[in-house]
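Inspection log for the structure reproduced underneath, given as structure tokens.
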Amino acid sequence: MNKQLTQKLKQLPSSPGIYFFKGRRGEIIYIGKAARLRNRVRQYFQKSRTLDPKTEALIAEIRSVDWTPLDSEADALFLEAEMVRRYQPRFNILLRDDKSQ
């Protein structure tokens, strides 16, 4: 994890919202929602956590993170769906489970 990413993780708010993981060229590679941005985003970078291969591949490509704090989890759910449709990040497709097909 690079220094810039480490610094950004320290600035995460505890509010609900959506987060954007970005790749090497600044492109959005994954969009997620969270009831508490700080807790959810930091989970990806915990060393003690066992991850599946697809999530490990995602983490290996993350160079930056941005977020949008919102007033509620419901707002986060709707905005996440809209942003995924708009940007079509490749890891949102790869990490989708069998139930949503």
Practice task
Being exposed (fewer than 14 other Cβ atoms within 10 Å of the Cβ) and either part of a helix (DSSP H, G or I) or modelled with pLDDT of 95 or more (or both) is the filter here, so list the residues in region 1-17 that pass it.
Solution key: 3, 4, 6, 7, 10, 11, 13, 14
Practice task
Might you let me know whether region 18-39 holds any residue that is open to solvent by less than 60 Å² (accessible area, probe 1.4 Å), hydroxyl-bearing (Ser, Thr, Tyr) and outside any loop (DSSP other than H, G, I, E, B)?
Solution key: yes
Problem - Cβ-Cβ under 7 Å pairs, at least 6 apart or on other chains, region 34-53 side without any contact (Cβ under 8 Å) to a residue 24 or more places away in the chain, far side surrounded by fewer than 17 Cβ atoms within 10 Å (Cβ to Cβ) and not in a helix (DSSP H, G or I) - result: 36/14; 43/49
Practice task
Could you please find all residues in region 62-89 being surrounded by fewer than 16 Cβ atoms within 10 Å (Cβ to Cβ) and assigned to a helix (DSSP H, G or I)?
Solution key: 73, 74, 77, 78, 81, 82, 85, 86, 87
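The values are calculated or read from the model by the stated rules, or taken from the named source; none is laboratory data. Source: prediction; values computed, not measured. So basically every Cβ, Gly included, is an ideal-geometry build from the backbone, and we count neighbours across all protein chains shown. Just the protein is used for accessible areas: all its heavy atoms, side chains included, with ligands, DNA and RNA removed. Shrake-Rupley method; radii C 1.70, N 1.55, O 1.52, S 1.80 Å.
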